[in-house]
Amino acid sequence: MRILVSNDDGVYSKGIKALTQALKSIADVTVVAPNRERSAASHSLTLHRPLRVVKISNKVYAVDGTPTDAVTLGIFEIMKNPPDIVISGINQGANLGDDVHYSGTVSAAIEGAIAGFPAIAISLMGREKLIFGPAAKFAVRIAKKVYKEGLPKGGVLNVNVPNVPANKIKGYEWTKIGKRKYGDIIVEKIDPRGRPYYWIGGDESGFVDIDASDCNAVLSNKISITPLKVDMTDHAYLKKCETWKL
């Protein structure tokens, strides 16, 4: 099995190192990731400047671009043979609910799916005193299953793992996208010259209680697995739109 690993926390992050080390037990692993943190980069692609790639060590490469850049270069330039699976993570912080639209971690996996490969994004709940072991071990389990079973064309699995010891994880649950709550999304400050400036990125203030959602699963100390798809067409609503007279 050949696995391409990327992330949005950067090639030197503890999460990607834990993931890579675990996956090496089952696969030939190539790491192509941003050279620094690119959280919330979403699916941005660098088109207006050249990209530089630095080989850090054997099959580990740093890219001065976005997670999407890294996966694109990994698949079409760096790997001599195409990957069987693209895995992004382990992200330092959950990617639940609306996060999937902004997350560089999830977007790296989606780029793999767009290119035609089964893809997995894996994230760890929390920001401090992170316990990567359970997430890394589960990544191995789900990679082996995806390698055997495959995924639908354009399919991505978004995995979120509670930041607790393995003996406190209460299994896993197949989930749907939930809804996170944020407070003070925009913070205004004044610079030394008296001019206003703004920080975007609110404090996490909780979750909407939605049955079978990714948020609820992780809060119950379960690993959440949410199937995503590249095709964003609302097929049910499309049928209604076709009845419109414009």
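Things worth noting here:
- Any hit, region 20-28, residues being within 14 Å of GLY74 (Cα to Cα), touching a helix residue (DSSP H, G or I) at 6+ places or on another chain (Cβ under 8 Å) and either modelled with pLDDT of 95 or more or surrounded by fewer than 17 Cβ atoms within 10 Å (Cβ to Cβ) (or both): no
- Test: residue in region 196-204 that is touching a Pro at 6+ places or on another chain (Cβ under 6 Å), on the phi < 0 side of the Ramachandran plot and surrounded by 11 or more Cβ atoms within 10 Å (Cβ to Cβ): no
- Per this entry, ALA33 is counted among residues that are touching a residue at least 12 places away in the same chain (Cβ under 8 Å) and open to solvent by less than 10 Å² (accessible area, probe 1.4 Å).
- Those residues of region 54-77 which are surrounded by fewer than 18 Cβ atoms within 10 Å (Cβ to Cβ) and either among the charged types (D, E, K, R) or within 12 Å of VAL31 (Cα to Cα) (or both), in sequence order: VAL54, LYS55, ILE56, SER57, ASN58, LYS59, ASP64, GLU77
- For region 84-123, filtered to residues that are closer than 16 Å to SER44 by Cβ and among the β-branched types (Val, Ile, Thr), the residue that is most open to solvent (accessible area, probe 1.4 Å) is ILE114.
The values are calculated or read from the model by the stated rules, or taken from the named source; none is laboratory data. From a predicted model like this one, the values you see are computed outputs, not experimental measurements. Virtual Cβ from ideal backbone geometry, glycine too; neighbours counted across all protein chains shown. Only protein heavy atoms, including side chains, enter the accessible area calculation; ligands, DNA and RNA are left aside. Shrake-Rupley method; radii C 1.70, N 1.55, O 1.52, S 1.80 Å.
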